[in-house]
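Contents: one structure, followed by commentary.
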Amino acid sequence: MKKVLLTGNEAVARGAWEAGVGFAAAYPGTPSTEITETIAQYDEVKAEWAPNEKVALESAIGASLGGVRALACMKHVGLNVAADPFCTLSYVGVNGGLVLLCADDPSMHSSQNEQDNRYYARLAKVPMLEPSDSQEALDLIKLAYEISEAFDTPVMVRVTTRVSHSRTLVSMGRRKAVKQKEFVRNPQKYVMVPAFARMRHRFVVERMGRLAQYSETTPMNTIIKGSRNLGVISAGVAFQYAREVFPDASFLKLGMTHPLPEKLIKKFARGVDKVFVVEELEPFMEDQIKALGVAVTGKAALPVMDELNPDVVREGFGKKRKRHPVEDTSKLPQRPPNLCAGCPHRGFYTAAKPLKPIVFGDIGCYTLGVLPPLSMHDACVCMGASIGVSHGYSRVGADKKQKSIGVLGDSTFLHSGLTGVLNMAYNKGVNTVAVLDNRTTAMTGGQQHPATGFTIKGEPTKAVDIAAVVKALGIERVFVVDPFKIKETRAVLKRELEIEEPSVIISSAPCPLMTRQKKKTPFVVHEDLCTECGSCLRINCPALTRRGGKAFVNNFLCNGCGVCAQVCGFGAIVREGEQPAARPKKAVAKK
Amino acid sequence: MAKEDCNILIVGVGGQGNILAGKVISQAFVAAGYDVKQSEVHGMAQRGGAVSAHVRAGEKIYSPLVPETSAHYILSFEYMEILRYLNYAGPQTTALINDLRVDPPSVASGGMKYPDDTLDRVKQKTKNILVVDANKVAREIGTERVFNSVLVGVLAAYLPIKKNIWVKVYKELVKESLLDINLKALDAGLALAGR
Ligand SMILES: Cc1ncc(C[n+]2csc(CCOP(=O)(O)OP(=O)(O)O)c2C)c(N)n1
């Protein structure tokens, strides 16, 4: 059959579909997002954006118990959220096959930490497969479902950014016809009370033994014969780098990295003079291999952080780097990601900045407000943390001198903000929280969520009313503001920061990009009125720059939001086709 | 006949369409019978950051990333962006540079200077340099938006892939309503390379 170029994510989706998967649930997160977006295009698959990863996995568990092959996808930190069901799911096992797809992000291209999720497979005593390109992604996913049902276990498939977002050639197959199984009541297997869980833990330990046997013989784990001088043990995309750097070496290529094939590893090591372990991030395989008494070199040569690439592997193992003089690119003007032109978050921050609040932020596009000149983030931990952190901070009286505010997005609020708000209401909070509601999950590419009114398949559905939810959670002071009205937004913020009662402000305006708003008429600078003071440039809009000292609006980029016009103290910025006001109005921003 | 390895970097600024260009180029190599791997980083790139796509084609490709000093072509959608990737260049590299300046925020707000020695620094790596104004050419065709296809055409002039394959790939990847204008842009790019 003809081969096609697919990203690793597309191949995972295709493989799951070919395996007969009938249900897929996920919460978006780079680099995993496109898997669920792709699988949602198949009519045979019921696909869902869940409000968070825990709910996604729990729904997949339900689908599995209901006798259907199920998939749950998430980025690495998403598994922290889903870890509770995951670790006990291991005991419960499956009815229809269940795969947890987790995408790690070495180098943190778009993540807040660099945790190595392979340890979750050991923690939960769950088998793990690691593809090294798109073809393997498709093949291993299919195998994962066979393993899941044969061994009565969830299977973790772990990819990384480089596998997810690389295109490589794939031959595709057909969809397997799998019949929905009956759910047979069996409390000793499915109800994890201590007495039953003790029995199931014994089962899990025995299962690991059988999986270890399987790992010895599966064709996923194979020896590629090469020179006796050097043997390399590797998995995932690191295998591709190692193959390129050591073309003559012998390889033990592992597709199944938990449990490891101990006998095969020992046999491989006996057949070569020395062994390198090439793996990204932590010494996950290396530590276990050393514990077998096999001498290997791994992290003594390679870093425990950042992605690998052929150059890092080459240099780490003492092969000369081919480089001639290394160019120092660090002094070039950087291009940090920035809030887009027309972004409502810019309006909110412009309104808040003169009030100088301490901002306990959260994870989303609005985190980009940390960059100067906006500089509007003082702490940011994980999704939903803004509310708890701002509550704890104000609860101990730390904001007596300088007021603080929690800031999070709509998708993040629905993901893990509800319990935080409940806590503020219940534990006599005095803090203010702003939900920046741009009607989408913008950071990850504009996914639907429970308040947008549409499902992942684009079907209209119930749209949750965030203000009503907040009120129902016990907050009385709830206000909706338009962040493009700087003065009004600032006035509400100022009042709420001062009041010693819990309050939630919903800053409501759609993301012009992701919700495909019609472009508004751009603004222009009237040069005769521009005093070159630079206040408009301090909102950090990509459409604004200087031309010969004067401010200049790039009308191709300008989205017509008007925030710059509101901060100009001289009325110099006006919507195209309109005249400057006769007498300049007073600026709303203090310098 | 064994296919020779070809390492290409396509670099620019988020939103310029270089990811699509990378897709077109990869597909063209596939259609010409090569093993191909392509890699890019999504995510924050949409927000105006620096973006790069790696395309590797040959008989058998392992790493999806181009090794340092090993690029055969660097196609830069923006004038200074090529400087970030000079470690990938060597004497074998052909540098194809679009004469378009997009100020980074630090330059726009006046803090930093846009580099004025781009060509000198590229020349220290390679003698093969072509600067084109793809945006101007695209405007002349009818819309600046297709400047990425002009640049694909410029690169195509150097690659061992026949014209009919490019046309076929464009037919597969581009919406029908936009096909004609993109093919025109491709042609203009081929002509611009003057090969
Ligand atoms: C536990 C976890 N899941 C997923 C992500 C990936 N992620 C980062 S930001 C974000 C969504 C933010 O959406 P929203 O809060 O609406 O803010 P916006 O980007 O729209 O401003 C997601 C899903 C993450 N960082 N952590």
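Laboratory data are not the source of any read-out in this text; all were calculated from the coordinates shown. Treat the numbers as computed from the prediction; the structure is a model and nothing was measured. A quick note on method: Cβ atoms are made from the backbone with ideal geometry, for glycine too, and the neighbour counts reach across all protein chains shown.
At a glance:
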quantity	calculated
Cα pair distances in the range A:222-316, grouped into 5 Å bins until the bin that holds the longest one, percent each	3, 15, 29, 28, 19, 6, 0
Dimensions (Å) - the range A:523-575, Cα atoms, principal axes, largest first	23, 21, 18
Sorted by Cβ density within 10 Å, fewest first, the residues A:Arg162, A:Arg516	A:Arg516, A:Arg162
Under Karplus coefficients 6.51, -1.76 and 1.60, residue-wise ³J(HN,Hα) of the range B:52-66 in Hz, glycine/proline x	9, 10, 9, 10, 10, 9, x, 5, 8, 10, 9, 6, x, 9, 6
Antiparallel bridges, percent of DSSP beta bridges restricted to chain A (to nearest 5)	25
The range B:79-195 shape via C-alpha gyration tensor axes, a/c threshold 1.5	oblate
Unsatisfied cross-links (Cα-Cα over 24 Å) in the set A:Lys125/A:Lys263; A:Lys3/B:Lys171; A:Lys46/A:Lys253; A:Lys320/B:Lys125; A:Lys176/A:Lys253; A:Lys54/A:Lys75	A:Lys46/A:Lys253; A:Lys176/A:Lys253
Antiparallel DSSP beta bridges within the range A:344-508, percent to nearest 5	10
Cα coordinate range in chain A, projected on the principal axes (Å, largest first)	86, 66, 51
Cβ-based net charge around A:Phe239, under 11 Å, with every Lys or Arg adding one and every Asp or Glu removing one	-4
Neighbour net charge for A:Leu57 - beta-carbon separation under 14 angstrom, K R +1, D E -1	-2
Least to most buried among A:Arg538, A:Arg243, A:Arg198 (fewest other Cβ within 10 Å first)	A:Arg198, A:Arg538, A:Arg243
Average Cα contact separation per residue, chain A, under 8 Å, 6 or more apart, as relative contact order %	10
The range A:142-252 - convex hull of the alpha-carbon atoms, volume per residue in Å³	168
Gyration tensor (alpha-carbon) shape descriptor, the range A:482-591, a/c threshold 1.5	oblate
Rg(Cα) / (2.2 N^0.38 Å) computed for chain B, rounded to two decimals	0.98
Total formal charge among the other residues, if their Cβ is under 13 angstrom from that of B:Ser39, Lys/Arg +1 and Asp/Glu -1	+2
Cα-based radius of gyration of the range A:1-127 once divided by 2.2 N^0.38 Å, which approximates compact folds	1.01
Paired Rg and Dmax values of the range A:475-531, which use every Cα atom, in angstrom	16.3, 49
Distant-in-sequence amide H partners of A:Leu98 (H built 1.01 Å from N, under 5 Å)	A:Ala70, A:Val155
Estimated Rh, the range A:384-495: Kirkwood, alpha-carbon pairs, angstrom	15.0
